[in-house]
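The values are calculated or read from the model by the stated rules, or taken from the named source; none is laboratory data. Remember, predicted model here, so these are calculated numbers, not experimental data. Virtual Cβ from ideal backbone geometry, glycine too; neighbours counted across all protein chains shown. The accessibility values were calculated without ligands, DNA or RNA, using every heavy atom of the protein model including side chains. Shrake-Rupley method; radii C 1.70, N 1.55, O 1.52, S 1.80 Å.
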Amino acid sequence: MEALAVLAVIGGFIYLLVQVNRLSAKTRELEDTVSNLRRFVVSGDDLWGPKPWSQTPSAGERKAESDSVPNSVDDLPETVADAVRDEPLDIPAPAQAAYEQAPVTTSPVTTAPDLSERFGDWLRENWFYAVSAICLSLAGIFLIHYGIERGLLTPEMRVACAVALGLALIGAGDFLRRRVGDDAPSHTAYLPSTLSGAGIVVIFVAILGARHLYGLIGAEMAFTLLAGLSVATVVMGWLYGPVLTVIGLLGATLAPFIVGGESESVDQFFYYFALIALTGLLVDTVKQWLWPSALALAFTYAAASMLFLAHDADVHFIAFALIVALGAIIIPNRKLWPDHAGIMLSEALWGKNRSMPHATTLIAAVATVASYGVVLAVALVDRGLTEMVTVLVVLGLMQLASVVWLRDARALTDMNLIPPLLFFAILVMQAVSGGSLHDYIEDNTGVAMSSDALVALLALVAFGVAGSVLAFYRARIRGSFDVHWGFGLALYAPVTLVLLEIFWEPQQVLGAEGWGLVGIAIAAMMTLFAERLARIDGADKMRVSLAALAALTMLGFALVVTLTSVALTIAMALMVLVAVLIDRRFDLPLLTIFVQVGVVLVSSRLIITPGVLWALDAPLVELLAVYGGSIGLLAASWHYIRGRERIAARTMIDSAVLSLPFVLGIILLLRALDNDIASHWGASLLAMICLLSAAVQYYRLQVSTGFVRQVRVGLCGIFGVASALAFTVAMLVLSPLRDPDEIVFGPLVADTLLVAYGLPALLFGGLLYLFGRQSSALKPEAKLLLAWLMAAFGGLYVVLEIRRFWRGDILSVPGTTNPELYSYTLLMILTSAVLLLLTFFRRSPELYRIAVVGVGLTLAKAFLIDMAGLDGLLRVVSFLGLGLILAALAWLNVQVRQRISVSAAVKAVE
C-alpha cells in the first residue's frame, strides 16, 4: 500500500507538471509564431528560427519541415491567421521593393556532425557543468557517508537529508529553468539541467542506501521508488534537455558502485540497470537526440558486464540484455510491432550504400547485437548445465522473435543471421572445449535405463530443424529477401546435423541406423518445403532448387552413416543419377551442384579412399559390382544430361565416364599380375592412374572458377608430380635393363614391357588426341611435351622388345649382339621413313627436321658401329640394301621438300 501511495503521489505531481507545461508551451508557441511571421514579412528572416545543435534534422526531416512551412496566411493555424488579419502590417515601400527584388539564394548543403563530434564539442565548451554535476552528486553521497561515520543521525534521518538535498537541487534547477531558461541562448544555459540532474542522482543514492545499507525499505518498495524516480526523470528530460538526461543516467548507473555496502544478492541490480536504460530510451524517444540513448546503453551495459564478471548471475545478465533489447526495439520506434524501414546496419557497414541507418534502426540493431553478445559471453563462460540450457532456450526465443515479431522491420532483417551463426559456434565450442552440455551427453551415453543423452541430442537436432522451419515460414512471405530465406531453410538443419556428426559422435547415442533415420526425416522435410515453394514461386526455381538440393544432401548423409563402403559408393552414384533425372523433370539448375559434388565423391572413393589399394585385395565380385555399378550409373547420368545446358555437370560426368573404365582396367591388370606394384609394370600402372587423375582435373578446369579452380590446379599438380615420380621409378630404378631381378613375363609383344611402356605411350597419345581436338585446351608446348613422351615410351617399348627377342627374358645381361645392332638400325630407318611420310602428308617443317635428324643418326650408326662387325658377303649385301633404302629416302625427301615449299608459298600469298 505504501508503494501504491508513493506512485499515486508521484503520478499526480507529474500529471500536473505536464499539463501546466503544455499550456505554457502552447501560449509561447502562439506568441513566437506571430512574432516570427512579422519578422519574416519585414526582413525575410528564417520563419522558424535556428534549431539547437542537438536537434540537427536529417534530410527527410528537412524535407518534411519545408513542406510544413505556410505559403500564405490561410495556411496558418486559425488563431494565428485571425490575429494576422486583425492586425495588418504597415510595410514601408522601400522594404517591400527590396524584398521583392532580392535574389533567391540556396544555402549550401553541409554534413551534420556525427554523434561523437557533437557530444565532444559540447563537452569542451561546457565541461564545468559536468564537473559541477559530479560534485553536487558526490555531496549527497558524502552526506550519507558522513552520517554513517559520525553516527550523528539515525538511518532514517540520513536518508531523509539526502532526499531533501536532492529535492532542493531539483527545485533550484526548475526555478532557474522557468525564470531564465535552460537552452543555449540563455545566460544560465545548462545550469538548471546540472542542478536538477545532480538532484536526481542524489535521490537515486538515497533510495539505494535505504535499501542496501540500512534495510529501511523492502525490495518491492525500493523498486517502486526507483521506477517512480525514473518516470520523473523521463518527464524532466522532456522538459529540460539532454544534459539533465545524461547526468541522471550516468549518476544513477554509478550510484550502486559509489554507495558501497553489502548486499545479499546482486541479481536485482541487473534489473535496476535495465530500468535505467529504458529510462534513457524513453527520454530520447520524444526528443530524438540519439546520443542519450547511446550513452544509456553504453553505461548500463558496462555496469552489468562488470557485475557479470564478478558474480555468478548469468541468467540475470541475459534477462537484462533481453529487457534492454526489447526496449530499444519498441521505445524509440513507439510501436509494439516493429516496422523499421530503410537500410540495414550490415548494408551501412559493408554494402554499397554507406549512409547511416535511421536512428531508431541504429539503436535497435546495436542493442540486439549486444544482447546476442551477452548470450555468447554466457556460453563462453559456461558455469554449468543450467546456464547452457538457458542460453539455448533464450537463443531459440530470440530467433523466434527475430523471424516472427520483426518480420515487418525491413531494416532489422540482418539480425536473423546472428542466431544460426551463434548456435553453430556454440556446438563447436562445446565439443572442442568439453563444455557442460557436451560432457553431459557423453557421460550419459550408454547408461542403462537412461534416456538423458538421447533427449539432449534430439533437442539439439530439433533446434536446427526449428531454424529451417522458421526460415520456411519467412520464405512463404514474398519480399526482397526471398532467396536469402531459401538458403536459410536449406542450410540450417543440414549444417546442424553435419556439425553434430563431426564433433559430437551422435552414432554412439542413436546408433548408425537411428542417426541415418534422422537424416532421412530432414530430407523428407526438405522435400515438403520444395513442393510448397514450387506452388508459391511458379517459374522461379531458385528456392525450389535449394530445398531439393538440401533433400538430396540429407539422403546422401543418411547413406554415408548407415551403409557399408561398397554400398555407399554405388548409392552415391545412384544419387547423381536421381539428381540428373529430377533436374530433367522439373528444371532445377541448382541440382547440378549436387551432381558435381556427387561425381567428385564417387571418383574419390573409387581412386583414393578406399580406392585402388582396397580394390587390389577385394573379392572380384565385389570389385566388379562397385566399379561396374558406379560406372554404369554415371554413364546413365551422362545419357540423360547430354544435350542440356548443364556445361559444368556434363563436363564432370564426361571426365568420370571416360577415365574410370581405364582405372578399372588398370586395377584388373594389376590383379592379374599378382598385385606386384614394386615392379616395372606395377609402378607404371600406378603412374597411369595418377596421370589419368591429373588429366581429369585439367579437363575440368574449363568449367572451374575462383577457389574451385585453384583447388583443381593444385590437385592437377599433385597427381602430375606423383605420375612423373612413378614413371621415373619404372624407367630408371626398376628398369629391366638395370635390375637383374626385373624379369620380363608373357609372350613376345604382349608382355610386361607392353604394360610398363607400351600402354603409357598409348595413354599419352590418347591424351594428345583428346586435348588436341580443343584448340584452347593445351598450349603448343604442352602438346609437344605429350608428343615427345609418347614417342619416348613407344620407342623404349620397341627397343626393349627387340632386345628381348635376341637376348631372352633377362634384359640386364651385358653387351649386345650384331643381329641386335642391325635390328636397331633397321628400326631407325623405318622410323625415319615413317616420319618422312608423315611430313609428306601433313606438310610439317618440324616433322621434316626430325626425320632428317633420324636419317643422319641412322647413317652415323651404320658407318661407325655396324660396319665394324661386318665382313665378306654380308658387308656387301648390307650396304647394298642400305644404299637402296637411302636412295628411296632421298627421292622421298625431294618430294617432301617440294610439298613443304609449295605449302609455305601458299601461306605467304594468303
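So the values come out like this:
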| item | result |
| --- | --- |
| Residue within region 741-752 that is in contact with a His (Cβ under 8 Å, 6 or more places away or on another chain), open to solvent by less than 70 Å² (accessible area, probe 1.4 Å), assigned to a helix (DSSP H, G or I) and touching a residue at least 12 places away in the same chain (Cβ under 8 Å) present | yes |
| Meets criteria (farther than 27 Å from T527 by Cβ, assigned to a helix (DSSP H, G or I) and open to solvent by less than 20 Å² (accessible area, probe 1.4 Å)) for L660 | yes |
| Residue count, region 605-637 (criterion: buried (at least 21 other Cβ atoms within 10 Å of the Cβ) and aromatic (F, W, Y)) | 1 |
| Residue selected from region 514-536 under the condition farther than 27 Å from A453 by Cβ and within 26 Å of the chain's Cα centre (by Cα), by the criterion surrounded by the fewest Cβ atoms within 10 Å (Cβ to Cβ) | T527 |
| Selection from region 503-523 of residues that are touching a residue at least 12 places away in the same chain (Cβ under 8 Å) and hydrophobic (A, V, I, L, M, F, W, C) | F503, W504, V509, L510, A512, W515, L517, V518, I520, I522, A523 |
| Among the residues listed as A782, A726, A722, the single one being buried (at least 18 other Cβ atoms within 10 Å of the Cβ), small (G, A, S) and either in the same structural domain as I810 (by the TED database) or part of a helix (DSSP H, G or I) (or both) | A726 |
| Residue under evaluation W788, criteria (1) open to solvent by 70 Å² or more (accessible area, probe 1.4 Å); (2) of a type outside the set (D, E); (3) farther than 18 Å from I666 by Cα; (4) outside any helix (DSSP H, G or I), criterion not met | (4) |
| Single unsatisfied condition, A359 versus (1) surrounded by fewer than 23 Cβ atoms within 10 Å (Cβ to Cβ); (2) within 30 Å of D452 (Cα to Cα); (3) touching a residue at least 12 places away in the same chain (Cβ under 8 Å) | (2) |
| Any hit, region 616-630, residues being without any contact (Cβ under 8 Å) to a residue 40 or more places away in the chain and not assigned by the TED database to the domain that holds I689 | no |
| Any hit, region 645-656, residues being at pLDDT below 90, in the same structural domain as E742 (by the TED database) and surrounded by 20 or more Cβ atoms within 10 Å (Cβ to Cβ) | yes |
| Cβ-Cβ under 6 Å pairs, at least 6 apart or on other chains, region 552-580 side at negative phi, far side outside any helix (DSSP H, G or I) and not β-branched (V, I, T) | S565/P610; A571/L563 |
| Check on R543, basic (K, R), surrounded by fewer than 24 Cβ atoms within 10 Å (Cβ to Cβ) and touching a residue at least 40 places away in the same chain (Cβ under 8 Å) | no |
| Filtered residues of region 638-653 (kept if more than 15 Å from L606 (Cβ to Cβ) and in contact (Cβ under 8 Å) with a residue 24 or more places away in the chain) | Y640, I641, R644, R646, I647, A648, A649, T651 |
| Qualifying residue in region 791-800 (condition: β-branched (V, I, T), in the same structural domain as M688 (by the TED database), closer than 21 Å to L734 by Cβ and touching a Ser or Thr at 6+ places or on another chain (Cβ under 8 Å)) | no |
| Q702 being under 21 Å from L767 (Cβ atoms) and assigned to a helix (DSSP H, G or I) | yes |
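Per-residue answers, yes or no, for (1) modelled with pLDDT of 70 or more; (2) open to solvent by less than 20 Å² (accessible area, probe 1.4 Å); (3) assigned to a helix (DSSP H, G or I):
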{"site": "Y129", "(1), (2), (3)": "no, no, yes"}
{"site": "I148", "(1), (2), (3)": "no, no, yes"}
{"site": "C161", "(1), (2), (3)": "yes, no, yes"}
{"site": "A184", "(1), (2), (3)": "no, no, no"}
{"site": "P192", "(1), (2), (3)": "yes, yes, yes"}
{"site": "I200", "(1), (2), (3)": "yes, yes, yes"}
{"site": "R211", "(1), (2), (3)": "yes, no, yes"}
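Conditions tested, residue by residue: (1) modelled with pLDDT of 90 or more; (2) open to solvent by less than 40 Å² (accessible area, probe 1.4 Å); (3) under 26 Å from G538 (Cα atoms); (4) out of contact with any His (no Cβ under 7 Å at 6 or more places or on another chain).
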residue: A567; (1), (2), (3), (4): no, yes, no, yes
residue: A573; (1), (2), (3), (4): yes, yes, no, yes
residue: R584; (1), (2), (3), (4): no, no, yes, yes
residue: L590; (1), (2), (3), (4): no, yes, yes, yes
residue: V595; (1), (2), (3), (4): yes, yes, yes, yes
residue: G598; (1), (2), (3), (4): yes, yes, no, yes
residue: S603; (1), (2), (3), (4): yes, yes, no, yes
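Condition check ((1) within 30 Å of R383 (Cβ to Cβ); (2) in contact (Cβ under 8 Å) with a residue 12 or more places away in the chain; (3) out of contact with any helix residue (DSSP H, G or I) (no Cβ under 9 Å at 6 or more places or on another chain); (4) part of a helix (DSSP H, G or I)) across all residues:
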| position | (1), (2), (3), (4) |
| --- | --- |
| A274 | yes, yes, no, yes |
| A277 | yes, yes, no, yes |
| V283 | no, yes, no, yes |
| L297 | yes, yes, no, yes |
| F308 | yes, yes, no, yes |
| A319 | yes, yes, no, yes |
| L322 | yes, yes, no, yes |
| L326 | yes, no, no, yes |
